[in-house]
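Right, one structure below, let's go through it.
FYI, it's all coordinate maths here, none of it is from the lab. Since the structure is predicted, the reported quantities are computational estimates derived from the model, not experimental observations. Neighbour counts are summed over all protein chains in view; Cβ atoms, including those assigned to glycine, are modelled from backbone coordinates with ideal geometry.
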Amino acid sequence: MSNHWRDVSNIVSKQSGGRDLVGGINDSEKLCSDALVDRTVPAGQKYLVQSSSALMSRFLILCYLMFSVTSALANTLVLVSIDGFRWDYLDWPEAQQMKRMADQGVRVNQLQAVYPSKTFPAHLSIATGLRPTGHGVVDNYFCRSDRPDCYRMGSGQKDPDWLAGTPLWTLVEQHGGRASTFFWPESNAKFDGILPTDYRAYDVNVSASEKVQQAIEWLSLPEIDRPDLVTLYFSKVDSSGHTYGPDAPETKAAIADTDYWVSQLWRAIQDINRQQDADINVILVSDHGMSAVDPSQFIDTNTLPRPQGFRRVNSSTRVMYYRREPEADVAALAATLREASNGRYRVVSDETLVDRHYHNHPAVADLIIETDPPRLFRHGGARGPDLRGMHGYPAVVQDMAAFLVAIGPGFAAGKVIPEAHQLDVYPIAATLLDLPLPEGIVSQGGTLRGALVGSIRE
């Protein structure tokens, strides 16, 4: 029996209190007729009925129509983001539990981040399968040539016009499922007018313990109510890396703390899978890595040319110039910046931006300069003790590589994939959930398709 029809049977059985519906037609008809009032089938689930087997009773189909107010997708996926978890952290002693999960499931040695390797662009790319210029969030802070205001992290909640694409949680909801998100960037914003069934807006005071406990509560619900997708977000590794540096004891402590809570989540999921015969899978992923920076080499943005007719936006590893006036001379500005660089930064060419798939979008600045670690741009040359690590550099900087671990009944065991891309995550997640892929996504899964067990992969 297929996963879908197995779930149909389970749903009907649960709604009937475990009675044999086929054998008890009179009671069943009453049960179904009562439930038919004001019940509709989500559009994404109608195909299940259309493709039903001739051997499946008409009654069972009708009951499915009535009672499947939540999705019966093939599997449940828990998508966990660990912000700033560099690819090589997985082999550090502080990450021993996640390393054990990787050894038992699937490990990607290096997961290439999108450009720029920043928190919001990367998270939205993982969630939508689109490059930053596809989903519209091209940096943590940026402007657009076609509107007067600028985007700041989380602006999509107030104005969804900043956003494009169909994130996983929206895809799940569109097909009659339930998505539950906890702090995943922009998951509390409306895409196509849709919000996840459950979501939490970011709150820095919420502990890792509370996040994990909430996820376990969602996953412990009866099958008919259990979310098809749960997302979690942990920020401690990233914040420690910024403040103390990637190799600092404080960052290692943050890794150990996150490792503990991830292991607690995985233990609980294993128990649920065993006790409830569930198919809950986990993907651990990061948005980017982290490089050490040297405050003595910070570039004071006040020393950079700032000609009239341009708006200058600092994004730590890059400085972006937007024309305020149509006649502003971009070529002249580029020449001036090159002359003033003294090897500290470079003007990014149009050809390079095309190679990075970072072009043809109103949010892409008219001119971009970028630097390499251990340098970064800081307003006024600030050198406080609050910044010893940074990300956002191009992918050629190996420290920018992220990580991925996948484990559960839908994933292969003991598999190592040398390299993959963040854009490969979305199609794999959708395939695992048995959801159709939206048009326009960049990847069909690439090497990550080998992470899935054969029946799902095919």
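For the stretch 412-428 versus the stretch 256-316, the spacing of their alpha-carbon centroids is 18 Å.
Under a 5 Å amide H cut-off, with hydrogens placed 1.01 Å from N, D192 pairs with nothing among residues at least 5 apart or on other chains. Computed from backbone phi, the HN-Hα couplings of the stretch 243-253 come to 6, 10, x, x, 9, 6, x, 5, 5, 4, 5 Hz, rounded to whole numbers (Karplus: 6.51 cos²θ - 1.76 cosθ + 1.60, θ = phi - 60°; Gly and Pro given as x).
Normalising the average separation of contacting C-alpha pairs (under 8 angstrom, six or more residues apart) by the number of residues puts the relative contact order of the stretch 295-385 at 48 percent.
Of the beta bridges in the stretch 295-385, as assigned by DSSP with both residues counted there, near 85 percent are antiparallel. Under a 5 Å amide H cut-off, with hydrogens placed 1.01 Å from N, G84 pairs with D287, H288 among residues at least 5 apart or on other chains. With a Förster radius of 51 Å applied to the C-beta separation of R306 and Q96, the computed FRET efficiency comes to 0.55.
Extension gain for the segment S220 to A256, taken as residue separation times 0.36 nm less the Cα-Cα distance, is 10.4 nm to one decimal.
Charged side chains reduced to their Cβ positions (Lys and Arg at +1, Asp and Glu at -1) give the stretch 295-385 a dipole of some 440 debye around its Cα centre.
Among K252, K415, what is the fewest-to-most ranking by other Cβ atoms within 10 Å?
K415, K252
Considering only I299, V348, A332, and ranking their Cα positions along the charge dipole of the stretch 295-385 that arises from unit charges at the beta-carbon of Lys, Arg, Asp and Glu, the one farthest toward the positive end is I299.
When the stretch 362-458 is described by a simple charge dipole with +1 on each Lys and Arg Cβ and -1 on each Asp and Glu Cβ, the residue from V397, P438, I456 located farthest towards its positive end is V397.
Let me have the relative contact order for the stretch 137-282, percent, based on Cα pairs under 8 Å that are six or more residues apart. Walk me through the numbers before you get to the answer.
Numbers: 168 pairs, mean separation 25.8, N = 146.
Once divided by the residue count of the stretch 137-282, the mean separation gives 18 percent.
A cut-off under 13 angstrom between Cβ atoms defines the neighbours of K158, and their net charge, with Lys, Arg +1 and Asp, Glu -1, is -2.
Of the residues Y358, G309, V319, the one whose Cα sits farthest towards the positive end of the charge dipole of the stretch 295-385 is V319 (charges of +1 on Lys and Arg Cβ, -1 on Asp and Glu Cβ, taken about the Cα centre).
FRET efficiency for the R344 to T243 pair, using the beta carbon distance and R₀ = 35 Å, is estimated at 0.90.
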